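To start, the structure itself, in C-alpha cells.
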Amino acid sequence: MRIPGSLVGRLVTSLLLVTVVFGLIAAATGSITLHREINEAMDNSMREAARRLLPLVIDDLFGREASQAPRRLAEAVPDDDGGRMIFQVRDGTGRVLIHSYGAPAAPLTSRLAGGFSEEAGWRVYTEPAVSGTIFVQVAELDARRDEETFEAATGFLVPMVILIPLSALVAWLTLARSLRPIASLRRQISARHGDNLAPIQAEALPSELAAIARSVNSLMQRLNMALDAEKEFTANAAHELRTPIAGALAQTERLIAESPHEAARKRPRQIKAALDDLASLSEKLLQLARADAGVAVAGKPTDVAAIAALVAADFERHDPYKGRLRLETQVKLYAAIDTDALAIVLRNLIENALRHGAEGAEVILRTDESSLSVINDGPAVAAPSELVKRFERGATRVSGSGLGLAIVSRILQQIGATLALNSPATDRQDGFEATIRFAGPGISPV
C-alpha cells in the first residue's frame, strides 16, 4: 500500500491502520468472550427452564393414565423462551413420555446422564427426578446460539465500521490544524533567497519548530554576512581598480603618442588593449556588485521602450556602432524595474549583440505586449542557455569577461522577469536572440 506523501496523510493513514488492526483484534477477542458469556447465559436459562418444568411434568405424569405413545404438550413451553428451546420427558429406560411442540419424537440423546451434553447439533440439559426414574431434557440448537453471537457481534462491529471513516476525517482535520505551524514555517523558509534573508518569525511557533526557526535564522545570518562581505569586496575591488587603470591607460596613450616609429608603438598598444579589457572587467564587476545588491526593484513602472531608445542613442554616438541599431516599437511597454537597472540590462544585451554578431550587421531591439527582444545576425551558438553562468563564454574570438548575461539574469530574477536565449533566432536560420519577458503592469498604445 502506498503511503501518501504529505505528513498529515502519512499520520492519518498510520493511525487509521493501527486503529483498524487493533479494532479487529478487539472485535475478535470480544466475540470469543461474548460467545462464551452468551453460552453461559443460555445454559442458565436451560437449567432454569428444566427445573421449572419438572413439577409440572411430574404432576401431569402421575395425574394421568400411562400411555405407550409420547404426548406432545405445546403449552408446556415457557413464553419467555420464545420457542427457541424444546424439551422431552423420558423414563429410566430412555423412552420419551412427553415432548414439547416442535421437538422430535425420537430421543435427543443416546444415553441419560445429568448435566449438559452435545449431540446431533443440539445443546441438551438433562435434569433427573424421582430417584432417576424421570428425566427432563431441555435442548437448544447450536446454530441458534451462533446466530445470537453473530447478531451481538454485528451490533458493535457496524458502529465501528461507521466510525472508522469518521475518525479518519476527525484525525485529518485535527492533524491539519495542529500542523499548520509547519506549513507556515515551510512557507517562510521557501520565501528566503539571496535577496531575502530576513529572520523567520519564531514567536508564534511551537517550541519544537521555534528551535528549527532559530537555527535557520542563525544560518541565514552567517550567509548574509558572507554575501555582504563578498559584495563589498567585489564592489570595492572594482571601484579601486578604476583609478589606477585609468592612470595606466593615460600613460600608455602618452607612450604611444611619444613613440618615434610604428615598431615602437606595438608593445604599448598591446598594453593598452590589455588595460582596456581590465577596465571593461572592472566595469562588469561593478555592475555585478550592484546586481547582487538588489538594485532592480522599483516603486513605479518604467517605460521600457523609452529607456531602450536612450541606450540605443548612446551606442549610436560611437563610431563603430553608428547605423547598426534599429528600434521596433509598436507599443509602450511598462515594467516594474529600476531605470538604472534596466539600462544596465539593455547595455549588456546590446553590447553582446554588437560585439558577437556578424560584422557590420544590424541589431534589432523589438518590444511587444510583454517582452523585449535583442536580435542579431551571426553564426548559431550551441547551448545558449549555458551563457548565463558567470565567466561562461561561447566559441568566439572576441574579447569579453563572460559576465554580461550573468548580470542580466541576476537583475531580472529580482523583478520576477525571465531571460530566454535562442540560437538560431526565431524564424531565422542563424543569429542570436535574447528575449526578456516581464511580469509588469501592462502596455499602452504608442
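The values are calculated or read from the model by the stated rules, or taken from the named source; none is laboratory data. Model, not experiment: these values are computed from the prediction. Neighbour counts are summed over all protein chains in view; Cβ atoms, including those assigned to glycine, are modelled from backbone coordinates with ideal geometry.
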TODO: Consider only pairs whose beta carbons are under 9 Å apart and that are at least six residues apart or on different chains; among these, list those whose first residue lies in region 151-162 and is in a helix (DSSP H, G or I) and whose second residue is among the polar types (S, T, N, Q).
DONE: Ala152/Ser31; Ala153/Ser31; Leu157/Ser31
Open item on the list: Could you check region 65-109 and list, in sequence order, the residues that are farther than 11 Å from Ala139 by Cβ, modelled with pLDDT of 80 or more and of a type in the set (S, T, N, Q)?
Closed with: Thr93
Open item on the list: Residues to consider are Ala191, Ala248, Ala202, Ala183; find the one that is within 24 Å of the chain's Cα centre (by Cα), crowded, with 16+ Cβ neighbours inside 10 Å and not acidic (Asp, Glu).
Closed with: Ala202
- [ ] Could you list all residues from region 314-342 that are surrounded by fewer than 19 Cβ atoms within 10 Å (Cβ to Cβ), among the small types (Gly, Ala, Ser) and over 18 Å from Asn376 (Cβ atoms)?
- [x] Ala336
Open item on the list: As an exercise: evaluate Ser282 against (1) out of contact with any His (no Cβ under 9 Å at 6 or more places or on another chain); (2) buried (at least 18 other Cβ atoms within 10 Å of the Cβ); (3) farther than 22 Å from Ile375 by Cα and give the number of the one condition it does not meet.
Closed with: (1)
- [ ] Residue by residue through region 170-220, note down the ones that are over 22 Å from Gly9 (Cα atoms) and part of a loop (DSSP other than H, G, I, E, B).
- [x] Ala191, Arg192, Gly194, Asp195, Leu197, Ala198, Pro199, Ile200, Gln201, Ala202, Glu203, Ala204
TODO: Scan the strands (runs of 3 or more DSSP E) fully inside region 253-372 and keep the ones with 3 or more residues being touching a Pro at 6+ places or on another chain (Cβ under 9 Å).
DONE: 331-335
- [ ] Kindly list, by first and then second residue, each pair from a residue in region 276-290 that is of a type in the set (Lys, Arg) to a residue that is at pLDDT below 75, limited to pairs with Cβ atoms under 6 Å and residues at least 6 apart or on different chains.
- [x] Lys284/Ser401
Open item on the list: As an exercise: evaluate Phe135 against (1) in contact (Cβ under 8 Å) with a residue 60 or more places away in the chain; (2) over 26 Å from Gly9 (Cα atoms); (3) surrounded by 17 or more Cβ atoms within 10 Å (Cβ to Cβ); (4) of a type in the set (A, V, I, L, M, F, W, C) and give the number of the one condition it does not meet.
Closed with: (1)
Task: Test result for Gly102, surrounded by fewer than 14 Cβ atoms within 10 Å (Cβ to Cβ), touching an Asp or Glu at 6+ places or on another chain (Cβ under 7 Å) and closer than 29 Å to His35 by Cβ - done: no
- [ ] Could you check, for region 379-402, whether at least one of its residues is of a type in the set (A, V, I, L, M, F, W, C), in a strand (DSSP E or B) and farther than 30 Å from His193 by Cβ?
- [x] no
Open item on the list: What's the total number of residues in region 146-168 that are over 18 Å from Ala28 (Cβ atoms) and among the polar types (S, T, N, Q)?
Closed with: 1
